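Novice: Pasting a structure below so you can have a look.
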Amino acid sequence: MRIGFLSDIHSNREALDACLAQAERQRVDRFVILGDLVGYGADPVYVVDKIMELQATRDAIVLLGNHDAAAISGKIENMNQYAREAILWTHDELEKQQIEFLKSLRSSYEEEDRLYVHSDATAPDQWRYITDAAGAERSLRATLKRLTFCGHVHRPQLYHMAPLKPAVAFKPQAGTPIPLVGNRKWLAVQGAVGQPRDENPAASWGVFDTDQNEFTYLRVSYDIETAAGKIHAAHLPQILAARLYIGR
Amino acid sequence: MPARQQLQTGSVLDGFTIGEKIHAGGMASLWRVTKPGIDMPIVMKVPTILDGEDATIIVGFEMEAMILPRLSGVHVPKTVAVKSIAQQPYVVMEYVQGTNLLKLLDEAPLEPEHVAQIGAKIAAALVDLHRQNVLHLDIKPSNIMLRDSGEAALIDFGLSRHMLLPDLLEEEFHVPMGTGPYISPEQVLHNRTDPRSDIFSLGVLLYHFATKVRPWGIPKFNRGLRARLWRDPVPPRKINPAIPPWLQEVILRCLEPQALNRYPTAAQLLFDLQHPDEVRLTERATRLEQSGFWTTMKRRFRSAALDTEQVQQISERPVTTAPIVLAAVDLSEGMEALAAALRREAARVLHFVPGARLACVNVLKLNRIGLNYSRDEQGRNIHVTRLVELKEWARPLGLGVGDVTFHVLESPDPGASLIEFAKSNNVDQILICARGNSNLRRYLGSTSTKVVAEAPCTVTVVRLPAAANEISEELEALEQAGTP
Ligand SMILES: Nc1ncnc2c1ncn2[C@@H]1O[C@H](COP(=O)(O)OP(=O)(O)O)[C@@H](O)[C@H]1O
Ligand SMILES: [Mg+2]
């Protein structure tokens, strides 16, 4: 089975559609959505509806992210000014049915030898970032599962940890299948679909092939003009549009 | 972990019938095996996993199991099957028919030409391996098979590194990973990201075959490994005067402690091994003594300051890609303008790729029948004249010796011989002229057309901008040829 992982879509309709189209070409059987469906971007309703549809028709597993939680609760104390503005705007945009859907999401999910979570697995509701090997190690030690898939940092990065050894970081190259060989744990941090921050503006996602035991990071370009234009039109902070072009 | 089956001759595992045991080492054992439907001879390599579950052996096996199936070509054994550590671990691969290079070591010192020939085969294998993003990192005689068909095949990828895949050995950093006599200085300092490490180890191997002596002996302790960071080896010609200066130059250049001073690519090393006359000789070629006491002490002092972190930083720099560029120079009369355009193109290419090497090639066209080609009217050797003209052509480029080489090939089929040269020298790009932009010529077939169609690499065709009258001439020609 080929599982597509989409994280940090952030209300970016154009990026989501580009990833889903590529997912068809990549023969993805099922999706796992690793949280942060909304926030920052201008299409929260479309994105949530699309993910609801994937859950209903394609058995997608959908997890909660910090922006989703904020959009439901209105709790924005821990966010920067731009994120706050976007969340308040998003909250007004969403209808009851999208809010209900976001409320139904869980913050982590386990199946077979895999753990899915938005951020650091030590405390999924604390939304800690995994930015280095030490952070990855903390998260990997908090689970018995061999493979962890998460998002949150908007930068694709792979970590692996052999028994009794420290975790090691690896910078993956898009399009190269990487065997997640046994006898060690792996943490695959997904890049962002809707707001990449690794200096590469292309939408970022990944596929895990359970038969081959291989994970592939993927990139796809999308219509940034349109996505950014909508952010301007919605009078969201300009910087949220500008950063899409430079991937930062 | 499920109980593992004890292998013995005659037993069957996943359809493979176990035959003779051909190797029992500390890390792995090898068995000849057969399976219905597989015609080529095959072997099963099984890691030696004792009760202790030695992590290095397991990780080494995982690396090999990960890398081997991703490799292809004649310079590696073909992979048949891989079974992971979680089950009964093994790799089944082609049994390479030929001689393990270790067997030849007893005959050292070998004739210098023989050493160069073996070196060229191994360098060709490294070109192929590096092209596939893999560093071997354990080049030594026992890990090289000379196929009966002639090529070198590299085996044993337990310490190797695939540059696009995570390095599972990375966290085993408390010990340098490699084989004592062969390990490169940067591997001693825990850097596993430089293709030039394989060039260093190949240098050790060539030194050993040429002199019967190992340049740094067999280091007993990790401390002994560091000597190669600052102590230069005894020049091979001092041990075996039969070694020509050019071969000493090549070997010592491979053995430079700083990777920057070695051949930038295996292809450039191969080039020199195949063209002894074109090797740029430096002080290395004629050196007959090791460096003196003070120089050595200075180097030793400096090397002590090198720590792992620094080396890691150096390795962050992009891997060098110094390409070999072939300029096919037509020296015939009336072609001066084109030859100048070709030179401008060469200058442009060389300007943008540091470390590039230019091979200027001219083909002396032979008539299949008349073999009276070797002397022209004035009795001068045409071959030599052409060489001189080639050098003249390249002079304005202002390239240093060693950055440019000159070759006059003799063939009835210039296109075929250029392609052959590009193949056997791993040329990365060909620059070639096309006379006029004539479609008629395209119908008739030309050298550049053939080269574009069949070259193993990028080809840049240089043309002079067509003048208006030439274009109308061409249109006329087209009409006459009956094309609408
Ligand atoms: N594919 C092969 N074909 C033929 N001989 C092989 C092959 N692989 C290994 N050998 C032989 O077995 C020996 C040990 O294999 P190697 O893979 O180097 O194991 P080790 O890890 O024990 O060094 C080699 O030196 C070579 O002689
Ligand atoms: Mg070996």
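Here, each number is a calculation from the coordinates, and none is a lab measurement. All figures in this text were calculated on a predicted structure; none of them were measured in a lab. Please note: Cβ atoms are built from the backbone with ideal geometry, for glycine as well, and neighbour counts cover all protein chains shown.
Novice: Give the lysines reachable from A:Lys103 as a straight Cα distance under 30 Å; neighbours fewer than 8 places away on the same chain don't count.
Specialist: A:Lys50, A:Lys75, A:Lys145, A:Lys230
Novice: Counting only helical runs of four or more DSSP H residues, what would the 222 nm mean residue ellipticity of the protein assembly as shown come to if each run contributes -39,500 (n - 2.57) and the total is spread over all its residues?
Specialist: So the helix-based figure for the protein assembly as shown works out to -10500 deg cm²/dmol.
Novice: Let me ask something else about it. To the nearest 10 degrees, how steeply does helix B:112-131 sit against the main Cα axis of chain B, on a 0 to 90 scale?
Specialist: On a 0 to 90 degree scale, this one is about 90.
Novice: Here is a further query. I'd like the per residue volume of the convex hull spanned by the Cα atoms of chain B, given in cubic angstrom.
Specialist: Spread over its residues, the Cα hull of chain B gives 212 Å³ apiece.
Novice: Using the 2.2 N^0.38 Å rule of thumb for compact globular proteins, work out how segment B:12-94 stacks up: its C-alpha Rg over that value, please.
Specialist: 1.06
Novice: Subtract the Cα-Cα distance of A:Gln212 and A:Glu199 from 0.36 nm times their separation in residues, and report this length gain in nm to one decimal.
Specialist: Between A:Gln212 and A:Glu199, full extension yields 1.7 nm more.
Novice: If you look at just the Cα atoms of segment A:2-246, how large are its Rg and its Dmax in Å?
Specialist: Considering segment A:2-246 through its Cα atoms, Rg and Dmax are 16.8, 53 Å.
Novice: Also, I was wondering about something else. Which of B:Lys78/B:Lys212; B:Lys212/B:Lys423; B:Lys45/B:Lys121; A:Lys171/B:Lys423; A:Lys185/B:Lys220; B:Lys83/B:Lys121 have a Cα-Cα distance over 28 Å?
Specialist: Flagged as over cut-off: B:Lys78/B:Lys212; B:Lys212/B:Lys423; A:Lys171/B:Lys423; A:Lys185/B:Lys220; B:Lys83/B:Lys121.
Novice: Calculate how large, on average over all directions, the projected area of the Cα convex hull of the protein assembly as shown is; give the answer in nm² to one decimal.
Specialist: Taking a quarter of the hull surface, the average projection is 42.3 nm².
Novice: Lys/Arg Cβ at +1, Asp/Glu Cβ at -1, dipole of segment B:1-150 taken about the Cα centre: which of B:Gly150, B:Asn133, B:Thr17 is farthest positive-ward?
Specialist: Farthest towards the positive end: B:Thr17.
Novice: Also, quick follow-up: Using the beta-carbon distance between A:Thr176 and A:His235 and R0 = 51 Å, what value does 1/(1 + (r/R0)^6) give for FRET efficiency, to the nearest 0.05?
Specialist: Using R0 = 51 Å, I get an efficiency of 0.80.
Novice: Sorted from largest to smallest, which semi-axis lengths in Å does the alpha carbon gyration tensor of segment B:232-283 give for its equivalent ellipsoid, taking the root of 5 times each eigenvalue?
Specialist: Sorted largest first and rounded, they come to 18, 15, 8 Å.
Novice: Something else now. Using a Cα-Cα cut-off of under 17 Å, which lysines could be cross-linked to B:Lys365, ignoring same-chain neighbours fewer than 8 residues away?
Specialist: Qualifying lysines at Cα under 17 Å: B:Lys450.
Novice: Among rounded, prolate and oblate, which fits segment A:1-91 when a ≥ b ≥ c are the square roots of the eigenvalues of its C-alpha gyration tensor, a/c under 1.5 means rounded, and a/b larger than b/c means prolate?
Specialist: Prolate.
Novice: Would you calculate the separation in nanometres between label points at B:Val213 and A:Tyr82, each defined as 7 Å from the Cα along the Cα-to-beta-carbon direction?
Specialist: 6.6
Novice: Taking every pair of alpha-carbon atoms in segment B:117-249, what share in percent sits in each 5 Å bin, from 0 to the bin with the longest distance?
Specialist: For segment B:117-249, the binned pair fractions read 2, 10, 20, 22, 20, 15, 8, 3, 1, 0 percent.
Novice: Can you work out D for segment B:50-199 in µm² s⁻¹ from Stokes-Einstein, where Rh is the Kirkwood radius over C-alpha pairs, the temperature is 4 °C and the viscosity is 1.567 mPa s?
Specialist: Translational D for this selection: 80 µm²/s.
Novice: Compactness ratio of segment B:78-134: Cα Rg over 2.2 N^0.38 Å, N = residue count?
Specialist: It is 1.58.
Novice: Mind checking segment B:31-109 for trypsin sites (Lys or Arg not before Pro) that DSSP puts in a loop (not H, G, I, E or B) and that have at most 10 other Cβ atoms within 10 Å?
Specialist: none
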